[in-house]
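Okay, so here's the structure we're looking at.
The values are calculated or read from the model by the stated rules, or taken from the named source; none is laboratory data. Only a predicted model underlies this, so the values are computations on that prediction, with no experimental measurement involved. When we count neighbours, we look across all protein chains shown, and the Cβ atoms used for this are built from the backbone with ideal geometry, even at glycine. Keep in mind that these areas ignore ligands, DNA and RNA; they rest on the heavy atoms of the full protein, side chains included. Shrake-Rupley method; radii C 1.70, N 1.55, O 1.52, S 1.80 Å.
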Amino acid sequence: MAKVGVEQSLTQVQQALEEKGHQVVQLQQESDAQGCDCCVVTGQDSNFMGMSNVATAGPVIEASGLSANEVCQKVEDKLG
């Protein structure tokens, strides 16, 4: 399955992704996103953790307003 970086505050999303068999990495600093197939962020800060450059080649999914299951579906759609 995919290696997904998830912002620290999104614990329900982390659990849901792990239940679906994905490897989850907590995003605490910019280097944590390296090697991830996809990243999930809250979208509360448009310059996520001070990142002004792209730390991952994979898609970044904004989780604001979505349930954990909806985020999982978006991850799976993007990684299809």
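Working from label points 7 Å from Cα in the Cα-to-Cβ sense, the E70 to E18 distance is 2.4 nm.
Subtracting the Cα-Cα distance of K78 and A57 from 0.36 nm times their residue separation leaves 6.3 nm of extension gain.
In the full protein context, region 1-47 carries 56 Å² of accessible surface per residue, based on a 1.4 Å probe and ignoring ligands, DNA and RNA. Once you wrap a convex hull around the alpha carbon atoms of region 1-46, what is its projected area averaged over all directions, in nm²? Value for region 1-46: 3.0 nm². Take the Cα of Q29, step 7 Å toward its Cβ, do the same at T42, and the gap between the two points is 2.0 nm.
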